[in-house]
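The structure appears below as structure tokens.
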Amino acid sequence: MPNYLKILVVGAGSIAREYVKVLEALGHQVLVVGRGEKNIVELKSAHPDVEAFSGGLGNWLQSNKPPTNAIIATPIENLAASTFCLLQAGCKNILVEKPLSYSIQETEDLAELARQKTATVSIAFNRRNYVSVQAAKEFIRRDGGISSFHFDFTEAIFRIDPKNYSLATNENWGIANSSHVIDTAFYLGGKPGWMECRQYGMAVKWHPAGSIFTGIGETKEGVPFTYHANWGCPGKWNIEIMTPERKLLFSPMERLHQQVKGEFKIGLVEIDYSLDIEFKPGFYQQVKAWLKNNSDLLSISDMVEELNAFNRFFSY
């Protein structure tokens, strides 16, 4: 792989700009294709060296061939269609923002198309690449594995205005947003095996599937886990990972705290968090991992499996 690549970014909104920032810092040549002229003008103002085009991906592909590598950072409703267009156009290595699609069938179809085109599609769950999460992976390895784990995906409902999102996103908010926590927990703890999932409450009117979620299960390796979230009361995301030597705590998830064996005190793990301060947390390491074809990223076929699990969590 050459040191410097030409990389297409589909989308020109705030998340796309975070990718542009990382790609420029890594020294790659960036090409952006967005829809609206306003976003393109604003992006060019912040990143004058970037080639940028408005009018949408479909129009651009009529007279252009995509490079080997592309990042899709459009609104959720356009992620699957953009992935389809790039695969059909011959793009071989795609990083697409989560969740790609709310539909298991659509995700399966795209996974099959990727296989037919001998292309790789990875799903961008950036929290896997937080400095805190990667440090926890090393602690887990050193301690001989995980003995159990618990997570809470309580949403800050007071900060969410449903008018800013589509009906599909509101009704699938667990996949649209809470999936960040669930994916990170299973990334560290192992893929879920059996689960018992329950839903209660109607405190969030725009999310008819419920507002309280509880469950218990085991990973495929036999590690027990529990979860609880209550969107109708104060709270926030957190994950607790138990090893034979320590409890690892993520709250906020950008920082790693620990309680070591034989102590009650909980302290911040002193590691270098600078990459998650200078860039949107997780993005710098995620892009590097993607360009190296790191197996820690979620593949599109594994996304099918996760969507099945999310549907059980929320009874979608």
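Remarks
- Enumeration of residues in the stretch 207-248 that are open to solvent by less than 50 Å² (accessible area, probe 1.4 Å) and either more than 21 Å from N177 (Cβ to Cβ) or at pLDDT below 95 (or both): G217, T219, G222, V223, G235, I241, M242, T243, R246, L248
- Sub-9 Å Cβ pairs linking a first residue in the stretch 271-300 that is on the phi > 0 side of the Ramachandran plot to a second residue that is open to solvent by less than 10 Å² (accessible area, probe 1.4 Å) and in a loop (DSSP other than H, G, I, E, B), at least 6 apart or interchain, are G282/F125; G282/Y130, ordered by first then second residue.
For (1) in a helix (DSSP H, G or I); (2) open to solvent by less than 40 Å² (accessible area, probe 1.4 Å), each residue gets a yes or a no:
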| residue | (1), (2) |
| --- | --- |
| S101 | no, yes |
| I123 | no, yes |
| I140 | yes, yes |
| F158 | yes, no |
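- Exactly one residue out of N3, N69 is of a type in the set (S, T, N, Q) and at pLDDT below 95, and it is N3.
- Single residue of the stretch 244-256 satisfying the filter (without any contact (Cβ under 8 Å) to a residue 40 or more places away in the chain and part of a strand (DSSP E or B)) that is nearest to the chain's Cα centre (by Cα): L249
- Flag if Q259 is polar (S, T, N, Q), assigned to a helix (DSSP H, G or I), in contact with a strand residue (DSSP E or B) (Cβ under 8 Å, 6 or more places away or on another chain) and open to solvent by less than 50 Å² (accessible area, probe 1.4 Å): no
- Hey, S82 open to solvent by less than 60 Å² (accessible area, probe 1.4 Å), out of contact with any His (no Cβ under 7 Å at 6 or more places or on another chain) and hydroxyl-bearing (S, T, Y) or not: yes
The values are calculated or read from the model by the stated rules, or taken from the named source; none is laboratory data. Bear in mind that the values here come from a model prediction, so they are computed numbers and not experimental data. Virtual Cβ from ideal backbone geometry, glycine too; neighbours counted across all protein chains shown. Side chains included, ligands, DNA and RNA excluded: accessible areas come from the protein's heavy atoms. Shrake-Rupley method; radii C 1.70, N 1.55, O 1.52, S 1.80 Å.
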